Each structure stands twice: as C-alpha cells, then as structure tokens.
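One structure is given here, and the rest of the page talks about it.
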Amino acid sequence: MFLDLKMFLPDFFMEKVEDIHLERLKALGFKAIILDLDNTLVGWRSKNMSESVKRWIKNAQKLEFKLCIVSNCLLRGRVRFFSDMLGIPFVFKAIKPRRKAFCDAVKILNVTNDKVVVVGDQVFTDVFGGNRMGFLTILVPPLDKREFYATILQRTAEKILLSGFRKQGLLQKLSETSECRLSKRPKLDLQSD
C-alpha cells in the first residue's frame, strides 16, 4: 500500500501556537482543539509554560472552544500537571498517529471529527494522525531542539518532506481570510489501527 504524501501535509503552518487565529477557526465552524504537549505547548521536559501560550488557551476557552491535550508522553503525572494548570482534559500514552487516542479525545470533547482542529509540532504523529481522522491540522515548529531520541531521527525525514511542500507552495499560514481545505484531503482507511 502506498500513502499519498498529502496525508503528511498540514492544512496550515504557524510559527507558534499563539499566532493561530482562534476567531477564524470559530468562523470556519470549528468547536474543539486537540493540543500536543511537548515541544508544542511547552519545551521538551520543561515544566514552564509561557504566559503567551496560557493567554492563548484562556482566549480559546472564552471563545468556547473545547480543548484536550493528546500526548505521546508516557508520564501521566507530567501530562496531568499541565492539564490541571490549564483546566482541560488529557489523553496520555497516545501512540500517535494511531487513532485510538484521537477517538478518546473526540468522545471526551463530545464533537464530530469535522469540528476538530489538531495542533502539534510533528508531521508523522500530529499531522498524519489528525489528517487520518479528518481533523483540520496545524503544524508549529518545535519549541526546543532537545527531543526524545526517536523524534530526532524522524526530524530528518520531516525536514525533507516539509522542504518539498514549501517548494510547491503548499504550506499556508492561517489568516483572518483563510478557507478550510478538508474536503480535498485523500481518505485513508487503515483497519489495523
């Protein structure tokens, strides 16, 4: 079976989480945001979250977005620490890009897949997993150069893939006038997941 490379293409690329236009997502009809934790909201192994990320999350809550952290982190206490800090639910040991954790988050949030945005720093976990679920996907660069050893290996392939997308003009930023491209995404049906 061959995968369409567009399954790894994020709908949007933003320089940081705080730059994501929540009002535009709301106007496009999205109701929930699934957030990766490490190197998306906080640096890898960091216990400090920037005030600007906290403000962005509070703004999302004021706009009535339902939020959930979905993390591959194996440490429940680490994920719970940020979940409690932000007052949002979480799923840990997600094993993204597998669907189970995303399905669990959708149940927690009580929304349909077409109303969900996933935000993360990795193409092969967050973007691919979100695209497989039919979510709108937003990629942000990692906050920290330090990472889990397996992630470091994936970054080389990710850089090559993103470079190709850039050259083709496929990486777009979310703006106040952006439109949603979900209907153009190829459908994948992987039974073993």
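All of the numbers you see were taken from the coordinates with simple rules; none came from a lab. Fair warning: this is a prediction, and the values are worked out from it, not measured in the lab. Please note: Cβ atoms are built from the backbone with ideal geometry, for glycine as well, and neighbour counts cover all protein chains shown.
In this simple spin-label model, placing a label point 7 Å from the Cα along the Cα-to-Cβ direction at both Lys93 and Glu176 gives a separation of 4.6 nm. By the beta-carbon count within 10 Å of each Cβ, the least crowded to most crowded order of Thr125, Thr177, fewest first, is Thr177, Thr125.
The distance between label points at Glu15 and Phe124 comes to 2.8 nm (points 7 Å beyond Cα on the Cα→Cβ vector). Length gained on full extension, Lys100 to Lys26: 24.1 nm, using 0.36 nm per residue less the C-alpha separation. Counting every pair of alpha carbons in the stretch 86-142, the share spaced more than 19 Å apart comes to 22 percent.
Let me spell out the model: positive unit charges on the Cβ of Lys and Arg, negative unit charges on the Cβ of Asp and Glu, origin at the Cα centre of the chain. What dipole size does that give, in debye rounded to 20? Display every interim value, and only then the final one.
Values: 34 positive and 22 negative charges, 56 e Å.
Dipole of the chain, to the nearest 20 debye: 280 debye.
Can you check how the C-alpha radius of gyration of the chain compares to 2.2 N^0.38 Å, as a plain ratio?
0.95
Taking a ≥ b ≥ c as the square roots of the Cα gyration tensor eigenvalues, with a/c under 1.5 meaning rounded and otherwise prolate when a/b beats b/c, else oblate, which class fits the stretch 1-110? Cα axes put the stretch 1-110 in the rounded bin.
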